[in-house]
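Everything below concerns the one structure shown next.
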Amino acid sequence: MIMQHFLTLKDLSQRELETIVKRAIKLKQEPQQAMRAESKTLGLIFSKVSTRTRVAFEVAMNQLGGSAVFLAANDAQTGRGEPVADTARVISSMVDLIAVRTHAHSQLEEFASHSRVPVINALSDDFHPCQLLADVQTFIEVRGSIRDAHVAWIGDGNNMCQSYINAAAAFGFSLSIACPLGYEPNRQLLQDNSHCVRLVDNPAHAARGADLVATDVWASMGSEAEALQRKQHFGGFQVTQDLMAEAAADALFMHCLPAHRGEEVTADVIESTSSVVWQEAENRLHSQKALIEFLLS
Ligand code: CP
Ligand code: NVA
């Protein structure tokens, strides 16, 4: 049997992704309907810090009747050089599911290839698929459907942006991306998805008529040393009320959080009625619970 991992949105079919999002919406309304996962354990192996992803996974397992074991990579033998493959073999012999937050996406792939149980990408340098389940859930809850919507991505062509590209293909929306020169997403990924994704030359162009404007920090985890330089390069790439005025009148604003007010987004936008960031954050719980159900069954 082929092991079903969730390293990027592309690991699941369009239908499976839609089923998970639909289930997340249902579980939010009727949490008592969730599967029982007594005696099931989720391992969390994180090489980067986390608030939302970790809490959502731990609470989800708790509510399902199972448990979660959290391992900060640096507190484990992996921090002293135990090979990824050995760690994967050992931990997957004891738990039922593993969520990994790491740097290089290739490390996650290596981990998954040696795991006996499904592996979830809890964020890598290249992708953050769990966040997209919550973002799509949030858009559907507020607007009914995301199919044929127009989404604008403003800022870094990072793990979030690249997951938005995969989501555009999977969920059938169009995506306009505005990034500073040199911070574009992976060229091959753009090419492969050119039917629904386009790179444009400035934020106003991307935001024009958009149903959703999304952004993320200018310096992701692992890029802290570039923060000052990035601040200079990302100057014109802030989501402001003026930029939101380019979007559709009822456009939503999303941010995976944590946010840096005054950098990628102004405080008035994140606190505005267009902003659904708190609902988006809460939906991490419901969508990750639906994902756990899917991978365990
Ligand atoms: N959005 C997100 O993944 O948040 P954390 O880094 O707090 O998990
Ligand atoms: N792009 C950000 C997302 C944080 C949830 C990072 O990787 O740090």
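So which of SER115, SER67 ends up being of a type outside the set (Phe, Trp, Tyr) and more than 27 Å from GLU282 (Cβ to Cβ)?
SER115
Please enumerate the residues belonging to the stretch 251-269 that are out of contact with any Asp or Glu (no Cβ under 8 Å at 6 or more places or on another chain), on the phi < 0 side of the Ramachandran plot and away from ligand 2 (no atom under 15 Å from the Cβ).
PHE253, ARG261, THR266, ALA267, ASP268, VAL269
Does LEU133 satisfy being touching a residue at least 60 places away in the same chain (Cβ under 8 Å), aliphatic (A, V, I, L, M) and in contact with a Pro (Cβ under 9 Å, 6 or more places away or on another chain)?
Working: touching a residue at least 60 places away in the same chain (Cβ under 8 Å): yes; aliphatic (A, V, I, L, M): yes; in contact with a Pro (Cβ under 9 Å, 6 or more places away or on another chain): no.
No.
Go through the stretch 85-95 and give me each residue that's open to solvent by 30 Å² or more (accessible area, probe 1.4 Å) and more than 25 Å from LYS289 (Cα to Cα).
ASP86
From the residues in the stretch 168-185 that are among the aliphatic types (A, V, I, L, M) and assigned to a strand (DSSP E or B), which one is nearest to LYS10 (Cα to Cα)? It would help to see each step written out before you state the result.
Step one: filter the stretch 168-185 for residues among the aliphatic types (A, V, I, L, M), giving 168-170, 175, 177-178, 181.
Filter once more, so that each one left must be assigned to a strand (DSSP E or B): 175, 177-178.
Details: LEU175: 17, ILE177: 20, ALA178: 23 Å.
Filtering the stretch 168-185 for residues that are among the aliphatic types (A, V, I, L, M) and assigned to a strand (DSSP E or B), the one nearest to LYS10 (Cα to Cα) comes out as LEU175.
Which residues, taken from the stretch 142-162, are within 18 Å of the chain's Cα centre (by Cα) and assigned to a helix (DSSP H, G or I)?
Of the stretch 142-162, the ones within 18 Å of the chain's Cα centre (by Cα) are 146, 151-162.
Result: ASN159, MET160, CYS161, GLN162.
How many residues, within the stretch 220-229, are in contact (Cβ under 8 Å) with a residue 24 or more places away in the chain and under 16 Å from CYS179 (Cα atoms)? Walk me through how you get there before you give the answer.
Step one: filter the stretch 220-229 for residues in contact (Cβ under 8 Å) with a residue 24 or more places away in the chain, giving 220-222.
From what's left, under 16 Å from CYS179 (Cα atoms): 220.
The total comes to 1.
For (1) within 16 Å of ligand 2 (Cβ to nearest atom); (2) buried (at least 24 other Cβ atoms within 10 Å of the Cβ), each residue gets a yes or a no:
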site: PHE127; (1), (2): yes, yes
site: GLN131; (1), (2): yes, yes
site: ALA134; (1), (2): yes, yes
site: GLN137; (1), (2): no, yes
site: GLU141; (1), (2): no, no
site: ALA149; (1), (2): no, no
site: ASP156; (1), (2): yes, yes
site: PHE173; (1), (2): no, no
site: LEU190; (1), (2): no, no
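On the given criteria, is VAL239 open to solvent by less than 20 Å² (accessible area, probe 1.4 Å) and away from ligand 2 (no atom under 16 Å from the Cβ)?
Details: open to solvent by less than 20 Å² (accessible area, probe 1.4 Å): yes; away from ligand 2 (no atom under 16 Å from the Cβ): no.
Here the answer is no, as VAL239 does not meet what is asked.
Among residues belonging to the stretch 56-75 that are touching a residue at least 60 places away in the same chain (Cβ under 8 Å) and more than 16 Å from VAL95 (Cβ to Cβ), point out the one that is most open to solvent (accessible area, probe 1.4 Å).
Here is the first cut: in the stretch 56-75, the residues touching a residue at least 60 places away in the same chain (Cβ under 8 Å) are 56-57, 59-61, 63-64.
If we keep only those that are more than 16 Å from VAL95 (Cβ to Cβ) too, we end up with 56, 59, 63.
Working: ALA56: 7, VAL59: 50, GLN63: 88 Å².
Taking the candidates together, the pick is GLN63.
For (1) closer than 28 Å to SER13 by Cα; (2) within 16 Å of ligand 1 (Cβ to nearest atom); (3) not aromatic (Phe, Trp, Tyr), each residue gets a yes or a no:
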{"site": "ILE154", "(1), (2), (3)": "yes, no, yes"}
{"site": "ARG230", "(1), (2), (3)": "no, no, yes"}
{"site": "GLY235", "(1), (2), (3)": "no, no, yes"}
{"site": "GLU264", "(1), (2), (3)": "no, yes, yes"}
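Could you please let me know if GLU224 is over 26 Å from GLU141 (Cα atoms), within 15 Å of ligand 1 (Cβ to nearest atom) and open to solvent by 30 Å² or more (accessible area, probe 1.4 Å)?
Taking the combined requirement at face value, the residue satisfies it.
Condition check: among the β-branched types (Val, Ile, Thr), in a helix (DSSP H, G or I) and either within 16 Å of ligand 2 (Cβ to nearest atom) or closer than 27 Å to LYS26 by Cβ (or both). Does ILE165 satisfy that?
On the way: among the β-branched types (Val, Ile, Thr): yes; in a helix (DSSP H, G or I): yes; either within 16 Å of ligand 2 (Cβ to nearest atom) or closer than 27 Å to LYS26 by Cβ (or both): yes.
Answer is yes for this residue.
Which one of these is modelled with pLDDT of 95 or more, in contact with a strand residue (DSSP E or B) (Cβ under 6 Å, 6 or more places away or on another chain) and surrounded by 15 or more Cβ atoms within 10 Å (Cβ to Cβ): LEU27, LEU42?
Details: LEU27 fails: in contact with a strand residue (DSSP E or B) (Cβ under 6 Å, 6 or more places away or on another chain).
Among LEU27, LEU42, only LEU42 is modelled with pLDDT of 95 or more, in contact with a strand residue (DSSP E or B) (Cβ under 6 Å, 6 or more places away or on another chain) and surrounded by 15 or more Cβ atoms within 10 Å (Cβ to Cβ).
The values are calculated or read from the model by the stated rules, or taken from the named source; none is laboratory data. For clarity, every value in this text was computed on a predicted model and none was experimentally measured. Backbone-built Cβ (ideal geometry, glycine too); neighbour counts: all protein chains shown. We work out accessible area using only protein heavy atoms, side chains counted, and drop any ligands, DNA or RNA first. Shrake-Rupley method; radii C 1.70, N 1.55, O 1.52, S 1.80 Å.
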